[in-house]
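The structure appears right after this line, and notes come after that.
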Amino acid sequence: MKVFLSLGANKGGKKSSIKKALKKLGENNIKVKKISSLYLTEPFGYKKQPDFLNVAVQAKTRLPPFELLDIIKRIEREMGRNADSGRRWGPRIIDIDIIFYGNIMVNSARLTIPHIGLAERLFVLVPLNEIAGGFRHRAFKTSVKELLENCKKEEKILRIGAVNE
């Protein structure tokens, strides 16, 4: 199944955390196919914290959505996410979110796909547009590019290069 993930970090070695998370995804039956550029973005929600580095990833997996979520949460914990501030939208060493899982929709207490708030988060839409601007999810009936063009949010977002530079 084609999946799209968003990765972000704003604690420690942000770029190295993203690289490590990408490697761990590959080690867990989540084959990374495309990676967007790195973007420096302002924090969402709680503003009194360092800026984030964000990327979007297109991957392929045979894992069902909840197994994928479990692996992502395990990777976050292994990388130190459990030591985060506990504050909603607070600082974190790594954050991995499932944005799309093919055209499947999930709405449960543990998981919502497409990711809730996607259409209003430039830190997700800008990198995602770079690698999948034409992707249309049936929940939106519009492309990622059109979601980005219609987004009214104003956030600082700056392309700073590739993950492997």
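Of note:
- In nm, spacing of pseudo-spin labels at K141 and L111 (7 Å Cα→C-beta vector): 2.7
- Candidate values (1) 1.12; (2) 1.00; (3) 0.95, label of the one derived for Cα Rg over 2.2 N^0.38 Å: (3)
- Here the 3J(HN,Hα) profile of segment 25-31, calculated from phi with Karplus coefficients 6.51, -1.76 and 1.60 at θ = phi - 60°, is 4, x, 6, 10, 6, 10, 7 Hz, Gly and Pro shown as x.
- Residue with peak Gaussian network fluctuation, the chain [Cα springs, cutoff 10 Å], from R62, R92, R110: R110
- Whole-angstrom gap from segment 93-133 to segment 1-63, using each part's C-alpha centre: 12
- Working from label points 7 Å from Cα in the Cα-to-Cβ sense, the E67 to N29 distance is 0.3 nm.
- Between E165 and I104, the simple label model (points 7 Å from Cα in the Cβ direction) yields a spacing of 3.5 nm.
- Debye, to nearest 20: dipole size of the chain, +1 on Lys, Arg Cβ, -1 on Asp, Glu Cβ: 260
- Residue (of L148, A119, A59) at the positive-pole extreme of the chain, dipole from beta-carbon charges: A59
- Carbon plus sulfur fraction of accessible area for the chain, probe 1.4 Å, in percent: 50
- Residue-wise HN-Hα couplings along segment 58-73, as the Karplus relation 6.51 cos²θ - 1.76 cosθ + 1.60 with θ = phi - 60° gives them from phi, are 9, 9, 10, 8, 9, 5, x, x, 6, 5, 4, 4, 4, 5, 4, 5 Hz; Gly and Pro carry x.
The values are calculated or read from the model by the stated rules, or taken from the named source; none is laboratory data. As the structure is a computational prediction, the values presented were derived from the model and not from experiment. In this analysis, Cβ positions are derived from the backbone assuming ideal geometry, glycine residues included, and neighbour counts consider all displayed protein chains. Ligands, DNA and RNA are excluded from the accessible area calculation, which covers all protein heavy atoms including side chains. Shrake-Rupley method; radii C 1.70, N 1.55, O 1.52, S 1.80 Å.
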